[in-house]
Amino acid sequence: MVARSINPQTIDCLRVSEFPRIGFWRFELKPVKLGLLGVGTVGASTALVLRNNAAEIARRAGRNIEIIQASRRNVGAGMPAGSGEIELVSDPFTVVNNPEVDIVIELIGSEDPALELVMRAIENGKHVVTANKALIALHGNQIFAAAQSRGVNVVFEAAVAGGIPIIKSIREGLSANHIESVAGIINGTGNFILSEMRDKGRDFEDVLAEAQALGYAEADPTFDVEGIDAAHKLCILSSIAFGIPLQFEAVYTEGISGVSTEDVVFAGQLGYRIKHLGVARRSDQGIEMRVHPTLIPEKRLIANVDGVMNAVLVQADKLGPSLYYGAGAGADPTASAVIADIIDVARTITTDAQNRVPHLAFQPDQIVDIPILPIAEIQTAYYLRMRVDDRPGVMAEITRIMGNNDISIEAILQKEPESGVTRATIIMLTQKIREQRMDDAISAITRLDVVHGDVHRIRVETLDGD
Ligand code: HSE
């Protein structure tokens, strides 16, 4: 590959490759040298794909890209066969301090020691590619500020929705638009569990064990099941969609462990599917950021995204709705996103730092604090399930409370009790209402003598762009 433009950064990257007889020096760009932190599922795949697709990657990047050093805790396990000549060390700080390394690929995950390693890499003037959503969601503001002042790039496509280029699409492809909302199935493990429960009636624990064996689940699978992983990702998406600081603590998070097979069946009878959805929406009052089980009309494309697949629906003022679908977890899909980032960085190493795409899509001085709405202030529709005495007047008592709270009922389903049973299950769908009103209504309904146990609530999103 021949260097086409010369600026101070480019000169650093040049090497003389030949001295042709016609009398011109021929310069070419030196290979980009990578230091890999972590040789787990994604790290191993990244090393193999970089090697197997090396020629195609070099055609795109304009120069060769090679891992020169990697770290893994268990050095004895070696590098995967076929990944080439890579020096393996046990101490990741050796890699971030290696003067030969241009880009550090952080695939260790979690906060500790990833944060210290990334900060050290930045301090050492290295670019960073990471798949670490917790790191970006929790420490991104600090990381990007350091990267900005050091003039290096920190990129994180693989942190959200695995192999789907959703960060690039929002940050670059939609940059002409005012983004109104982002709604996504952004945890493959959770979606796999809900899909198997619905289609095969499988047990929650059994499906989770399979997701772990397939390498989809987080090291701590409660992150998947309780929505923390999805909340990390939603926090990142909100930031690049709306130009707000990363603020993980402001994301309302509810997991899928409370979703019963009954709910999955009733939702189906009403024409809905239950998905674990991350929703970020901008309104005049502020920004909503929430992750929770959600009923979605089954006719929506996103309601039919099953298994480990992810999908993100973006509502933008000029493009309108657009849907991004693909593998949200797994070794090769995640490596695909990591390597796309590496190629992007390799292409821009020779450009001035201020001419690069901003880390969070908006120029750093244009990131603004817009109020985040507490969950009690959001407006949505609801699915309710309750167990009640099966006798006259019960429905009237419940609907009176709904009316008193300005809640309009869209549909009611009463399951006939089995013979000899004096209690029935009632399912209700409501129209949109402020969550605080629904909380008040649920408290009052729960206090009725004729209602037994909790009133189960699942939020409903029509996702029709309203
Ligand atoms: N545990 C994550 C998931 C992996 O299941 O989606 C990808 O971030």
Practice problem: Run the dipole for region 171-326 about the Cα centre, Lys and Arg Cβ at +1, Asp and Glu Cβ at -1, nothing else charged, and hand back the magnitude in debye, nearest 20. | Solution: 700
Quiz item: Fully extended, how many nm does the chain gain between residue 462 and residue 285 (0.36 nm per residue separation, minus their Cα-Cα distance)?
Solution: 61.7 nm
Quiz item: How large is log10 I(q)/I(0) at q = 0.11, 0.14 Å⁻¹ when the Debye formula is applied to the Cα atoms of the chain, each weighted equally and without solvent?
Solution: -0.89, -1.28
Practice problem: Report the charge-dipole magnitude of region 244-339 in Debye, nearest 20, computed about the Cα centre from +1 at each Lys and Arg Cβ and -1 at each Asp and Glu Cβ. | Solution: 280
Quiz item: Which of the peptides 158-169, 230-241 is most tightly packed, and how do the rest follow, judged by the mean count of other Cβ atoms within 10 Å per residue?
Solution: 230-241, 158-169
Quiz item: Going out from 0 in 10 Å bins, what whole percent of all Cα-Cα distances in region 8-155 drops into each bin?
Solution: 11, 38, 33, 14, 4, 1
Quiz item: In whole Hz, what ³J(HN,Hα) sequence does region 199-206 give by Karplus (6.51, -1.76, 1.60; θ = phi - 60°), x for Gly and Pro?
Solution: 7, 10, x, 6, 6, 3, 5, 5
Exercise. Let me have the relative contact order for region 379-460, percent, based on Cα pairs under 8 Å that are six or more residues apart.
Key: 49
Self-check item: Antiparallel %, DSSP beta bridges [both residues in the chain], to 5
Solution: 70
Quiz item: Roughly speaking, what is the centre-to-centre gap between region 214-233 and region 386-414 when only Cα atoms are used, to the nearest Å?
Solution: 37
Self-check item: Dipole magnitude (debye, nearest 20) for the chain, charges at Cβ of Lys, Arg, Asp, Glu
Solution: 1380
Practice problem: Count the lysine pairs in the chain whose Cα atoms sit under 19 Å apart, keeping only pairs 8 or more residues apart in sequence or on different chains. | Solution: 10
Quiz item: At a Förster radius of 45 Å, what calculated FRET efficiency corresponds to the Cβ-Cβ distance of residue 30 and residue 203, to the nearest 0.05?
Solution: 0.25
Exercise. Please give the per residue accessible area of region 8-155, computed with a probe of 1.4 Å over protein heavy atoms only, in Å².
Key: 48
Quiz prompt | Approximate shape of region 115-199 as ellipsoid semi-axes (Cα gyration tensor, √5λ), whole Å, largest first | solution = 29, 18, 10
Exercise. Can you tell me the 0 to 90 degree angle between the C-alpha axis of helix 41-52 and the longest principal axis of the chain, rounded to 10?
Key: 40
Quiz item: Given just the C-alpha atoms of region 171-326, how large is their convex hull per residue in cubic angstrom?
Solution: 119
Exercise. Leaving ligands, DNA and RNA out of it, report the carbon-plus-sulfur percent of the accessible area of the chain at a 1.4 Å probe.
Key: 48
Exercise. Grab the Cα-Cα distance for residue 112 and residue 355, subtract it from 0.36 nm times how many residues apart they are, and report the gain in nm with one decimal.
Key: 84.3 nm
Self-check item: Theoretical gain in end-to-end length, residue 55 to residue 176 [0.36 nm per residue, Cα-Cα removed]
Solution: 40.2 nm
Exercise. Would you calculate a helix-derived [θ] at 222 nm for the chain, using -39,500 (n - 2.57) for each DSSP H run of n ≥ 4 and dividing by the full residue count, to the nearest 500?
Key: -9500 deg cm²/dmol
Exercise. Take peptides 437-448, 372-383, 403-414 and line them up by average Cβ neighbours within 10 Å, highest first, as a rough protection proxy.
Key: 372-383, 437-448, 403-414
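The values are calculated or read from the model by the stated rules, or taken from the named source; none is laboratory data. Only a predicted model underlies this, so the values are computations on that prediction, with no experimental measurement involved. Here the Cβ is made from the backbone with ideal geometry for all residues, glycine too, and neighbour counts use every protein chain on show. The protein model used for the area step is the full one, side chains on, heavy atoms only, and it has no ligands, DNA or RNA in it. Shrake-Rupley method; radii C 1.70, N 1.55, O 1.52, S 1.80 Å.
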